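Structure first, then comments.
The values are calculated or read from the model by the stated rules, or taken from the named source; none is laboratory data. What you are looking at is a predicted structure, and each value in this text was computed from that prediction instead of being measured. Note: ideal-geometry Cβ built from the backbone for every residue, glycine included; neighbour counts use all protein chains shown. All accessible areas refer to the heavy atoms of the entire protein, side chains included, with ligands and DNA or RNA removed. Shrake-Rupley method; radii C 1.70, N 1.55, O 1.52, S 1.80 Å.
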Amino acid sequence: MTTDMRHAVVDVLKDADAVAMKMAELLIETVRNKRDGKARIALSGGSTPKKLFSILARPEVAQQIDWSRVEIFYGDERHVPEGHEDSNHTSAKTLLLSKVAIPAAQIHPMPTKGTAQADAAQYQTVLEHAYGRKTLEAGHPLFDIVMLGLGTDGHTASLFPGEAVLQEKTAWVGVSAPKTAPHERLTLTYPAIASSKLVVFLVTGENKVPMLARLRQGDGSIPSGRIVSEGEILILADSAAAGEPS
Ligand SMILES: O=C1O[C@H](COP(=O)(O)O)[C@@H](O)[C@H](O)[C@H]1O
C-alpha cells in the first residue's frame, strides 16, 4: 500500500495547542505499541513543532513515554552550527531532549560541520546504521513516524520549490539552497520520507490556508503535495489553517 496526499486523513482541531496535544498522544501511542526495537521518529523543524516539544517535556507527559525505546532523527536541518538560533536540533534539544531521559546515543542530529554534501552523505550512513540495511525495502519502513510542516511556499522538510533534490530517487538525504529562505539545508528526500509507517503534517495558523488547501488536494506542483508514504498520511491542522471557524 502507498498513500499519497489525496488519500491523507485530515483532522481539523480547534487550535495549535490541540494539534500539539494530538501529536503528543500519537507519539505516546506509537512508542507504547512498538513491538520490535526502538521507535524511529523524524522530527520536523521550523516553528510549528515547538509547542509539541514543550508539551512532551512536561513531566506528566514525558513519563508516559519510555524514552529508552525512542530514536530521534530529523526531517531537515539548517546547515548552521549547533547553538545557532535557526538550528532545528538546538530547538528540539532546548525545549525537549535535554529535559527527558533519552540516551544521548539515540539522538541523531543532522551533522553541520562539513560541507552540506558531505554532511548529507554522513547522515545517510547514520540512517543506514539505524535501519540495518543500505537499501530501502518496502514492508520494512525506515521511520515509524515522519513529522512534517508546511511552508507558505509549499515546501516541506527542506524540499523547496525548484530544488534539484526534489528529483532525488536514490539517496535518503539531500541538500537544498532555497533562494527564499536563509541557509543551505539538509533534508530527507522523497524516498526516505516514503519509507515510513506514518507521516504526520502539523499545520497551524491562518497564513497556511492557501497551501493547506493545495496540500489536501494533492497538488503536485508544490513539493509537499508530492509526499507519499508506504504507510499512512495524517494532516493535523488547526481551524485557522483549515479556514474554518474554531
Ligand atoms: O516541514 C517543515 O516545514 C517547515 C515550515 O515550518 P514552519 O516554521 O512554518 O512551522 C520548515 O521550514 C521545516 O524546517 C520543516 O521541517
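Suppose the Debye formula is applied to equal point scatterers at every Cα of the chain; what is log10 I(q)/I(0) at q = 0.07, 0.12, 0.18 Å⁻¹? After summing over all Cα pairs, the log10 values are -0.20, -0.62, -1.58.
How large is the translational diffusion coefficient of segment 197-246 in µm² per second when you combine the Kirkwood radius over alpha carbon pairs with Stokes-Einstein at 37 °C and 0.692 mPa s? Rounded, D is 293 µm²/s.
Just the protein heavy atoms count here, and of the accessible area of the chain at 1.4 Å, carbon and sulfur take up 52 percent.
Which of the GluC sites (Glu not before Pro) found in segment 3-83 are in a DSSP loop and have at most 13 neighbouring Cβ atoms, other than their own, within 10 Å?
Here the GluC sites (Glu not before Pro) that fit, given the DSSP loop and packing criteria, are E82.
Applying the criteria of a DSSP loop state and at most 15 other Cβ atoms within 10 Å to the trypsin sites (Lys or Arg not before Pro) of segment 163-194 yields K169, K179.
Among the trypsin sites (Lys or Arg not before Pro) in segment 92-159, those placed in a DSSP loop whose Cβ has at most 12 other Cβ atoms within 10 Å are K113, R133, K134. A 1.4 Å probe run over the protein chains yields, for the chain, 44 Å² of accessible area per residue, whole-number rounding.
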